[in-house]
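Below is one structure; the comments refer to it alone.
The values are calculated or read from the model by the stated rules, or taken from the named source; none is laboratory data. This is a predicted model, so every value here is computed, not measured. Cβ sites come from the backbone with ideal geometry, for glycine too, and all protein chains shown count toward neighbours. Accessible surface is based on the protein model in full, side chains and every heavy atom, while ligands, DNA and RNA are left aside. Shrake-Rupley method; radii C 1.70, N 1.55, O 1.52, S 1.80 Å.
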Amino acid sequence: QVQLVESGGGLVQAGGSLRLSCAASRSIDSINVMGWYRQAPGNQRELVARMFNRGITDYADSVKGRFTISRDNAKNTMYLQMNSLKPEDTAVYYCNALKIADFNSWGQGTQVTVSS
């Protein structure tokens, strides 16, 4: 298992930027996929972006060109750089770590609120 702690959420005006961080309690070198998900009130949790351990990335269409996922294995940390934020990006953002046949862990979430 791995414990994940998100940080970096907050209140920002539309057009602004935030960088989320996800700190892991152990090495992330062997984690197959790390990703960011979000859940807005009344909605299901949805994928925002994910990165496979070979560096391949995958983004939701709604964030392509605005958000960038990255991971620093030396710091056991994953990031989500969010630019050109929109009110519809408002949600709780969750960090996820998947190690196949081993664990699928979630952080506690961090609130992102974008005002118009």
Region 45-95, Rg to Rh (Cα coordinates; Rh as Kirkwood inverse mean 1/r): 0.96
Residues in region 28-68 reached by a label modelled at W106 [backbone nitrogen below 19 Å; 7 Å Cα→Cβ]: 32-51, 60
Histogram of C-alpha separations across region 6-82, 5 Å bin width, %: 3, 14, 25, 26, 19, 9, 4, 0
Area accessible to solvent at I56, 1.4 Å probe radius, in Å²: 110
Choice from G42, G15, G55 with maximal GNM fluctuation in the chain (Cα, 10 Å cutoff): G42
Qualifying lysines (Cα of each under 25 Å from Cα of K86; at least 8 residues distant if same chain): K64
Test item: Cα-centred dipole of the chain, Lys/Arg +1 and Asp/Glu -1 on Cβ, debye: 140
Whole-number percent relative contact order across the chain, with pairs defined as alpha carbons under 8 Å at least 6 apart: 38
Surface share of carbon and sulfur [accessible, 1.4 angstrom probe, percent] for the chain: 46
Whole-number accessible area per residue in Å² for the chain, which is evaluated in the context of all protein chains at 1.4 Å: 51
Sequence-distant lysines (8 or more away, or on other chains) whose Cα lies within less than 19 Å of K99: K75
